[in-house]
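Every read-out reported here was derived from the displayed coordinates using simple, explicitly stated rules and does not represent laboratory data. Quick caveat: nothing in here was measured; it's all calculated off a predicted structure. Cβ placement follows ideal geometry from the backbone for every residue including glycine, while neighbour counts extend to all protein chains displayed.
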Amino acid sequence: MPEGGVRPARVDFNDARLSDPAVRAVGDKIRSGVRLTQADGAALYRSIDLIGIGTLADAVNRAKNGDTVTFACNQHINPTNICTLRKTCTFCGYARLPKEEGAYRYTMDQVLEEAAHAADGLTKEWHIVGGLDMQAGLAYYQEMFRTLKSNFPHVHIKALTAVEIAHIARIEKMSWKDVLMALRDAGLDTMPGGGAETFSAAVRDQIAGKKLAGADYIGVHRAAHELGIRTNCTMLYGHVETIEERMEHLQMLRDLQDETAGFLAYIPLAYHPDDNVLGEALGRQGTSTSGVDDLKMLAVGRLFLDNFTHIKSHWIMVTQALSQVSLHFGVNDLEGTVVREKIYHAVGAHTPQGMTLDGLLQLIRGAGKIPTERDSFYNVIRTFETPAAEPAAV
Ligand code: V47
Ligand code: SF4
């Protein structure tokens, strides 16, 4: 195991719960501490033994995180929806061309107005991402981060995907590293994992032509990690990707984590087909990923990414109910309060745009787990009492 590797010393589970011989074979490897191969991961995806897969993922998660489930009190801010890739990211319903109806770019006053929610004292992290806007270069984000930090010094700034960093570097004719250093000096603390989609070049050609290549997404995250900037990572699934392409994607994430130990969490993102060109082309509008696939994405992530501590479920995309169940399928972290989500609500998400602290506590307690508010580096802020288990609506 590399430094930062977090494979637990001992993982135990009840073999009687594994009904598929292929899942049992993976279980044997896990018990003896042997790393899973891409073929093992593919076998799990192809198996219908959902309980067996969940049993393994739950055992690994418990060995790493016990019954603790973490969340951050955060707020999403999307400062611009203007994007040069508007026509080629066919899965995106959020982006607009500069003169298109609905296009917007916040002024600093508007950013501050939205960020003022943090005056509640609860919000401890902003998650700031947007489109690839030619008018939003380095100076725009430097001013934004400085303004936010001077008004709310206690709030962590998790901002800009690898794709946005590469975009700023291109328009400013700077290296990724120089952009990252300049943004870090202005207040950037960590980076979110968006923009990964599926790394396979064939998939990217189909759903995200012209977007930063998978290897370059990894390159930007490597540059960030080398500067001490921790990041998250994601995979968009449930569109045209194959099982083998999912495994290649996970392999690239695991390899970088072996090298840098810089990833904080992995978050699979369920594709929403409404109000986007791809969903229409696939005839998928009004449908979404299946609950079984959602759970497998989380559980296989937990099992294959043996050098990650945190696997996060994005309740906005897979619903609160499925996120609650996922706490028994390897998940130890939930996307937080969010406040006013826009990107998935542009593509048909029917979940609320945010959740209250009470809502999150109820969700976690209902799964028999211990709710724990964390900071952006996963340090515990406070642990909440869990009364005796009782059924609760989510
Ligand atoms: O990169 C866009 C996705 C991502 C659709 O790091 C879509 O903590 C589904 O990465 N259906 C941005 N997904 C969001 C993101 C994220 C979210 C929460 C937490 C973190 C974190 C990161 O949203 C994009 C893209 O993959 N997206 N359109 C769609 N139709
Ligand atoms: Fe632009 Fe991101 Fe939407 Fe692609 S997914 S069109 S890069 S906002």
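Structure notes:
- Given 16 as the ceiling on other Cβ atoms within 10 Å, longest exposed-site-free region of the chain for GluC sites (Glu not before Pro) in DSSP loops: 102-384
- Virtual paramagnetic centre 7 Å along Cα→Cβ of Leu97, amide N under 19 Å, in the range 116-138: 131-136
- For the peptides 153-160, 50-57, the ranking by mean Cβ contacts within 10 Å, running from highest to lowest, is 50-57, 153-160.
- On the basis of the beta-carbon distance and an R0 of 22 Å, Glu244 and Ile48 show a calculated FRET efficiency of 0.75.
- Inter-part distance where the range 141-207 and the range 75-123 are each reduced to a Cα centre, Å: 14
- The range 15-64 - convex hull of the alpha-carbon atoms, volume per residue in Å³: 71
- All Cα-Cα separations within the range 208-349 were binned at 10 Å from zero, giving a P(r) of 11, 39, 38, 11, 0, each value a whole percent of the pairs.
- Quotient of Cα Rg and 2.2 N^0.38 Å for the range 68-383, N being how many residues it contains: 0.92
- Each Cα pair under 8 Å and six or more residues apart adds its separation to the average, and for the chain the resulting relative contact order is 21 percent.
- HN-Hα J in Hz across the range 321-336 - Karplus 6.51, -1.76, 1.60, θ = phi - 60°, x for Gly and Pro: 4, 5, 4, 4, 4, 4, 5, 10, 10, x, 7, 10, 8, 10, 4, x
- Residue-by-residue Karplus 3J(HN,Hα) for the range 76-91, coefficients 6.51, -1.76, 1.60, Hz, glycine and proline x: 8, 10, 10, x, 8, 10, 7, 8, 5, 9, 3, 8, 9, 7, 6, 8
- Relative to the Cα centre, the charge distribution of the chain, modelled as +1 at Lys and Arg Cβ and -1 at Asp and Glu Cβ, gives a dipole magnitude of about 340 debye.
- Most simply put, the chain has about 15% antiparallel DSSP beta bridges, counting only bridges with both residues inside it.
- Remark on Leu269: its backbone amide H falls under 5 Å from those of Met235, Leu236, Tyr237, a criterion applied only to residues 5 or more positions apart or on other chains, H modelled at 1.01 Å from N.
- Label-to-label distance, nm, for residues given as Asp293 and Thr107 (7 Å Cα→Cβ offset): 4.4
- Amide proton proximity set for Val69, modelled H, under 5 Å, gap of 5+: Ile370, Thr372
- For the range 163-227, trypsin sites (Lys or Arg not before Pro) are listed when DSSP marks them as loop and at most 11 other Cβ atoms sit within 10 Å of their Cβ; the list is Lys173.
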